[in-house]
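Student: Dumping the structure here so I can ask a few things about it.
The values are calculated or read from the model by the stated rules, or taken from the named source; none is laboratory data. Please read these numbers as outputs of a predicted model, since none were measured by experiment. Note that we place each Cβ from the backbone using ideal geometry, even for glycine, and neighbour counts take in every protein chain shown. The protein model used for the area step is the full one, side chains on, heavy atoms only, and it has no ligands, DNA or RNA in it. Shrake-Rupley method; radii C 1.70, N 1.55, O 1.52, S 1.80 Å.
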Amino acid sequence: MSAPATEGAAATALRSVLARAQQAAERCGRSPEQVRVVAVSKTKPVSLIRQVYDVGHRCFGENYVQEIVEKAPQLPSDIEWHFIGNLQSNKVKSLLAGVPNLDMVESVDDEKIANHLDRMVASLGRKPLKVLVQVNTSGEESKFGVDPSYCVQLVKHVKLGCPNLIFAGLMTIGMLDYSSTPENFETLSNCRTEVCKELGIPEEQCELSMGMSADFEQAIEMGSTNVRIGSTIFGAREYLKKDKSQ
């Protein structure tokens, strides 16, 4: 049984994460401004998100459409929401309509979902939406993401065939246990090199979203521009099927 978060605990944890991210960036000669920390609030209440918001953080991520659609209207409109979970086609409309301040979808892993997003952005009259192409860098069948060998083709489809989407970079989840190895990070970095060479764009214009609570410092040192931190900021996740006696 984990103790409930004390008042201010999430805000304190956020400051620690930001400091560690800054130090990791500086160790590899990068500016801290080149690294975005996405506070992943999956299963966490609005009150806890607000605590982190109130100390100045604005970038938050959610994994489930139902959760983000419920939470977003209860929170300030200047939050930059990232959707980082697997997105099903039948949930695209509710996500885009329900979260006007959705800043990015990080988990585009096939042409079908890219096309659905593109059409719905146009249908709703939204401004173009930033997306990342998700790559399966671990080769695990349980993981979503495009195979690295198909990455360039999918990026081309998004960039050239989806006028209402803005290709912003690449994303990976990592291993089955939500940690990563240097090989995962290297694979995503190599995919970026191939994509940028093929499309003739500078690598600085192609984000790398890799690294989570267990490995974000290493990810930053290996080039990540976007780290997704959940439990280290908000505490262990609480799921509906937990023991009611807890």
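Student: What distance in nm separates the simple spin-label points at Gln66 and Arg119, each placed 7 Å from Cα in the Cβ direction?
Tutor: Result for the modelled spin labels: 2.5 nm.
Student: Shifting gears a bit: What net charge is computed for the residues neighbouring Gln153, neighbours being all others with C-beta under 12 Å from the C-beta of Gln153, Lys and Arg scored +1, Asp and Glu -1?
Tutor: Summing Lys and Arg as +1 and Asp and Glu as -1 gives -3.
Student: Next question, about the same structure. Determine the per residue accessible area of the chain with all protein chains present and a 1.4 angstrom probe, expressed in square angstrom.
Tutor: 48 Å²
Student: Counting GluC sites (Glu not before Pro) as exposed when in a DSSP loop with at most 16 other beta carbons within 10 Å, what is the longest stretch of the chain free of them?
Tutor: The longest such stretch corresponds to 8-139.
Student: So for the pair Lys127, Lys112, with labels modelled 7 Å out along Cα→Cβ, what separation do we get in nm?
Tutor: Using points 7 Å along Cα→Cβ, the separation is 3.2 nm.
Student: I would also like to ask the following. Within the range 1-152, what whole-number % of the accessible surface is contributed by carbon and sulfur, with the 1.4 Å probe and all protein chains included in the calculation?
Tutor: 49 percent
Student: Could you run the Karplus curve 6.51 cos²θ - 1.76 cosθ + 1.60 with θ = phi - 60° over the range 33-48 and give me ³J(HN,Hα) per residue in whole Hz, x for Gly and Pro?
Tutor: Once rounded to whole Hz, the list reads 5, 7, 10, 9, 9, 9, 7, 8, 9, 3, 6, 9, x, 4, 4, 6.
Student: How large is ³J(HN,Hα), in whole Hz, for each residue of the range 188-201 in order, when computed from phi with the Karplus curve 6.51 cos²θ - 1.76 cosθ + 1.60 and θ = phi - 60°, using x for Gly and Pro?
Tutor: Values per residue, Gly and Pro as x: 5, 4, 5, 4, 4, 4, 5, 4, 5, 5, 5, 9, x, 10 Hz.
Student: With 25 Å as the limit, write out which pairs from Lys44/Lys127; Lys42/Lys197; Lys71/Lys91; Lys44/Lys112 have Cα-Cα distances beyond it, or answer none.
Tutor: Exceeds cut-off: Lys44/Lys127; Lys42/Lys197; Lys44/Lys112.
Student: Once amide H atoms are placed 1.01 Å from N in the peptide plane, what residues at a sequence separation of 5 or more from Lys143, or on another chain, have their amide H within under 5 Å of its amide H?
Tutor: Counting only residues 5 or more places away or on other chains, the set is empty.
Student: Taking the Cα centre of the range 41-92 as origin and charging only Cβ (+1 Lys, Arg; -1 Asp, Glu), how large is the dipole, in debye to the nearest 20?
Tutor: 120 debye
Student: Asn164 versus Val55, label points 7 Å from Cα toward the beta carbon: distance in nm?
Tutor: 3.9 nm
Student: Where the only charges are on Cβ atoms (+1 Lys, Arg; -1 Asp, Glu), what is the dipole of the chain about its Cα centre, to the nearest 20 debye?
Tutor: 760 debye
Student: Among the aspartates and glutamates, which fall within straight-line cross-link reach of Lys156, defined as a Cα-Cα distance under 17 Å, with same-chain neighbours fewer than 8 residues apart omitted?
Tutor: Cα-Cα hits under 17 Å: Glu106, Asp109, Asp110, Glu111, Asp118, Asp147, Glu194, Glu198, Glu203, Glu207.
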